[in-house]
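Everything on this sheet refers to the single structure shown next.
The values are calculated or read from the model by the stated rules, or taken from the named source; none is laboratory data. Since the structure is predicted, the reported quantities are computational estimates derived from the model, not experimental observations. In this analysis, Cβ positions are derived from the backbone assuming ideal geometry, glycine residues included, and neighbour counts consider all displayed protein chains.
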Amino acid sequence: MLSLLLTATDAVNPCADGEQVCDLTWDVTGNRRLAEWSDVLIGKPLAVIGLVLLGLVIRWLLHRVVDRIASRAEKGVLPERVETSVAARRKQRAATMAGLLKSIITFVVAAVIGTMVLSELGVDIAPIIASAGIIGIALGFGAQSLVKDFLAGIFVFIEDQYGVGDVVDVGEANGTVEAVTLRMTRLRDINGTVWYVPNGEILRVGNKSQNWSRAVVDVGVGYGEDLARVQRVLREVAHDLWEDEEFNGLIIEEPEVTGVEMLAADSVTIRVMVKTAPLEQWAVARALRQRIKARFDHEGIEIPFAQRVVWHREDRRDHDAPPPKAATGDEG
């Protein structure tokens, strides 16, 4: 057996410089053919496996960083009274942002590791990189609006500008957000019309339901009323609403009566402001108006209606006299 092994070997090292697997196989076995094929059978598979494991480790580490960022984003800064009402939404938004970032990380890591694996297998990656560059330039010129929409959509997710269920104003369209993708935002307005707005076309966003909202109620009273008494009654009504258990968690801070807001033609306008949980400002405002109306009726405070003075002018012309004759062109 030993003689057969010696006849199958050659004293000359068949390995090129730097081929460590080949050198190691040659030193251990002394078999030329095995040493020549060792790089293909052992070296390249090990290199590919190493690159894949490296990519998985990098992806795991970056995903851990994203998870920590998302967990910090879940922590709120709002008062405890309203924190529970927005915690679910904030957790959902953090999960959405984390999922988006993880998808981007996975794509980038897979592209880089895949290119390195092809290079390790002997594939010339220069044409691939050049082709990717050409395709990128072509997409940059031919799909600028699409790229703009995608970039804007990414920032919508990262910055948490708005989410599903929010009531927003994006310019020509406003309503409740029904869906948000990287390319477009779908809104439904109060009339039921669905608006599809490309993210790249949104220049500014007014979010009416993020973190907290405010109900603004303007109350008109007659000019003959005692304004100090009226404001005291409004404070009492608003305070009772604040302490009502039915509105616990809906009203964040005690309501504020700011005073006289306007001297209108028919009434004096006094403003009441209530800081509420997101999307609760309309329900709170309706309940407050109803209570104000009932209390004003009880206190005898006048809520004036529009009044106008109309003058009727009598026609003093003799109705029995014939109407004046119209002038004609034949008269000299």
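Remarks
- Here residue 279 meets each of (1) in a loop (DSSP other than H, G, I, E, B); (2) surrounded by 14 or more Cβ atoms within 10 Å (Cβ to Cβ); (3) at pLDDT 85 or above with one exception, condition (3).
- Between 175, 163, 153, the distinction of being surrounded by 13 or more Cβ atoms within 10 Å (Cβ to Cβ) and assigned to a loop (DSSP other than H, G, I, E, B) belongs to 163 only.
- Only a single item in (1) under 30 Å from residue 69 (Cβ atoms); (2) touching a Leu at 6+ places or on another chain (Cβ under 8 Å); (3) outside any helix (DSSP H, G or I) is not met by residue 195, and it is number (1).
- Which numbered condition residue 213 fails, given (1) modelled with pLDDT of 90 or more; (2) in contact with a Ser or Thr (Cβ under 6 Å, 6 or more places away or on another chain): (1)
- Hey, residue 232 of a type in the set (Lys, Arg) and not in a helix (DSSP H, G or I) or not: no
- Considering 185, 181, 193, the condition of being free of Cβ contacts under 8 Å to residues at least 24 places away in the same chain and hydroxyl-bearing (Ser, Thr, Tyr) is satisfied by 193 alone.
- Among the candidates 227, 187, residue that is touching a strand residue (DSSP E or B) at 6+ places or on another chain (Cβ under 9 Å) and more than 29 Å from residue 102 (Cα to Cα): 227
- Among the conditions (1) in contact with a strand residue (DSSP E or B) (Cβ under 9 Å, 6 or more places away or on another chain); (2) at pLDDT below 80, residue 94 misses just one, which is (1).
- All of 121, 54 fail the test of being over 30 Å from residue 254 (Cβ atoms) and at pLDDT 85 or above, apart from 54.
- Flag if residue 185 is of a type outside the set (A, V, I, L, M, F, W, C) and under 30 Å from residue 67 (Cα atoms): yes
- Residue check, residue 85 surrounded by 17 or more Cβ atoms within 10 Å (Cβ to Cβ), closer than 27 Å to residue 121 by Cα, in contact with a Leu (Cβ under 9 Å, 6 or more places away or on another chain) and at pLDDT below 65: no
- Qualifying residue in the range 126-134 (condition: touching a helix residue (DSSP H, G or I) at 6+ places or on another chain (Cβ under 6 Å), closer than 30 Å to residue 52 by Cα, outside the structural domain of residue 290 (by TED's automatic domain parsing) and of a type outside the set (Lys, Arg)): no
- Some residue of the range 246-254 being more than 29 Å from the chain's Cα centre (by Cα) and modelled with pLDDT of 90 or more: no
- When residues of the range 200-240 are limited to those that are farther than 17 Å from residue 267 by Cβ and among the basic types (Lys, Arg), the one surrounded by the most Cβ atoms within 10 Å (Cβ to Cβ): 208
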